[in-house]
1. Among the residues of the range 289-312, are any under 18 Å from the mean Cα position of the chain (by Cα) and among the aliphatic types (A, V, I, L, M)?
2. Please give the number of the condition Gly286 fails out of (1) part of a loop (DSSP other than H, G, I, E, B); (2) touching a helix residue (DSSP H, G or I) at 6+ places or on another chain (Cβ under 7 Å); (3) more than 27 Å from Gly122 (Cβ to Cβ); (4) not polar (S, T, N, Q).
3. Does Asp147 satisfy the criteria of being outside any helix (DSSP H, G or I), more than 30 Å from Asp230 (Cβ to Cβ) and of a type in the set (Asp, Glu)?
4. Just the residues that are buried (at least 20 other Cβ atoms within 10 Å of the Cβ), more than 12 Å from the chain's Cα centre (by Cα) and modelled with pLDDT of 95 or more, please, taken from the range 214-223.
5. Can you name the condition, by its number, that Asp251 falls short on among (1) assigned to a strand (DSSP E or B); (2) of a type in the set (D, E, K, R); (3) out of contact with any Ser or Thr (no Cβ under 9 Å at 6 or more places or on another chain)?
6. Could you list all residues from the range 133-152 that are under 27 Å from Ala340 (Cα atoms) and out of contact with any Asp or Glu (no Cβ under 6 Å at 6 or more places or on another chain)?
7. Find all pairs meeting these conditions: Cβ atoms under 8 angstrom apart; at least six residues apart or on different chains; first residue within the range 233-257 and assigned by TED's automatic domain parsing to the domain that holds Asp216; second residue in a strand (DSSP E or B) and surrounded by fewer than 18 Cβ atoms within 10 Å (Cβ to Cβ).
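The values are calculated or read from the model by the stated rules, or taken from the named source; none is laboratory data. No experiment lies behind these values; they were computed from the predicted model shown. Positions of Cβ are generated from backbone atoms using ideal geometry, with glycine treated the same way; all protein chains shown enter the neighbour counts.
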Amino acid sequence: MFVIKVKDILKYLVSIILIITIIILSTRFFLNIFKQNKNETKHLTKNALTASLAAVMPNTQLKEDEEEIEEDKRTYIQKILDMELGFVQLCQKDKNKPAGEEIKEDLQEARTDVGTEVIDSGVENKFTNSYGSVQVKNTSKYDLTQDILTPDFELNNKKDIMIYHTHTCESYTPTEKYNYEQTGSFRTTDLNFTVSRVGDELTNYLNNYGYKVTHDKTYHDYPAYSGSYDRSMNTIKNLLKTNPNTQMIIDLHRDAIGSSSSYAPKVKIGDEYAAQLMFVIGTDGGGLEHANWQKNLKFAIKIQEKANEMYPGLFKPITLRNSRYNQNISDAATIIEVGATGNTMEECLTSMKYLSKVFSEVIK
């Protein structure tokens, strides 16, 4: 009887050992496969996939980003394939690529003795308020008084300017000179063809006018779009550690309206075509603390007032929204949207020539 029990015990032990061995071998096998796949697509994480859904589905988008979603008629799945999976396809190709080259060309100073003509884009520019020649489209919860709109704001620091990009990968309609492989719908990780290149142009012009410009080209919307504003806020805070007195902080974007080449707001200045610009100013209407929004608005109105005098039509109406867009960081922080998907890089670079000239006249 005792011998039989020992055999049973041995049988059970052998069975247990075999099961444990199979589990260990299986675990190692699948871990090796997982590690291999992880190395091949290291950017395709759970957060990135979740972010891709947030970038295209309004119900899952963060409050700070919700106004920037590109709306079109494609399905959600198509958007995901275009935007997020497109990034993955070029991930390995771009991983050893420099983050963008600062291209310096001969810069021709903008003339002021030329006429301007707004080219009909097919989209009406609506507004709710005005201060002189400056129009404001107010979508915030606030009623705008004359006192709020009056640009009686003076900078303490008129030399330092900071430029960055919350949506660094936003790009434009390709041309022969600026042709690129898209990584999503009008997006690319090659910063020589994105709004970052436009930031280089603005930086170069402003430097020529004697400003000290810090231009940051960190990816904030890649590999994940959602959370871009949280990441760009961290960048701004780090930059301010070495540039603590900077007031003028510009988040340079491309207008998110549309996902085709059909919308291209532009103005003809002399013989040149320039992409239209638009200030986007945030408030605390969404519930986040933002004590600086009225000063930011006054600063934008002051710049646009001079632009309307020098180059009428260069700017579309200022848009005022409830989301704060990190503009609580300074009393002269703004978003400037340069053109839309239908504009070309050439048109956007031309805009920077005239925008920098306006700054040089206002901020002396």
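1. So the first thing to find is which residues in the range 289-312 are under 18 Å from the mean Cα position of the chain (by Cα), and the list is none.
No; the residues of the range 289-312 include none that is under 18 Å from the mean Cα position of the chain (by Cα) and among the aliphatic types (A, V, I, L, M).
2. Unmet for Gly286, out of (1) part of a loop (DSSP other than H, G, I, E, B); (2) touching a helix residue (DSSP H, G or I) at 6+ places or on another chain (Cβ under 7 Å); (3) more than 27 Å from Gly122 (Cβ to Cβ); (4) not polar (S, T, N, Q): (2).
3. Values: outside any helix (DSSP H, G or I): no; more than 30 Å from Asp230 (Cβ to Cβ): yes; of a type in the set (Asp, Glu): yes.
Judged against the criteria, Asp147 is not a match.
4. His215
5. (3)
6. Of all residues in the range 133-152, those under 27 Å from Ala340 (Cα atoms) come to 133-141, 149.
Within the range 133-152, Ser133, Gln135, Val136, Lys137, Asn138, Thr139, Ser140, Lys141, Leu149 qualify.
7. If the second residue must be in a strand (DSSP E or B) and surrounded by fewer than 18 Cβ atoms within 10 Å (Cβ to Cβ), the pairs left are Leu239/Thr214; Asn243/Asp160; Asn243/Thr214; Asn245/Asp160; Thr246/Asp160; Thr246/Thr214; Gln247/Asp160; Met248/Asp160.
Listed here are the residues, each with its yes/no results for (1) within 20 Å of Ser196 (Cα to Cα); (2) assigned by TED's automatic domain parsing to the domain that holds Arg187; (3) in contact (Cβ under 8 Å) with a residue 60 or more places away in the chain; (4) buried (at least 22 other Cβ atoms within 10 Å of the Cβ).
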position	(1), (2), (3), (4)
Glu272	no, yes, yes, no
Gln294	no, yes, yes, no
Ser323	no, yes, yes, yes
Asp331	no, yes, yes, no
Glu337	yes, yes, yes, yes
Asn343	yes, yes, yes, yes
Met352	yes, yes, yes, yes
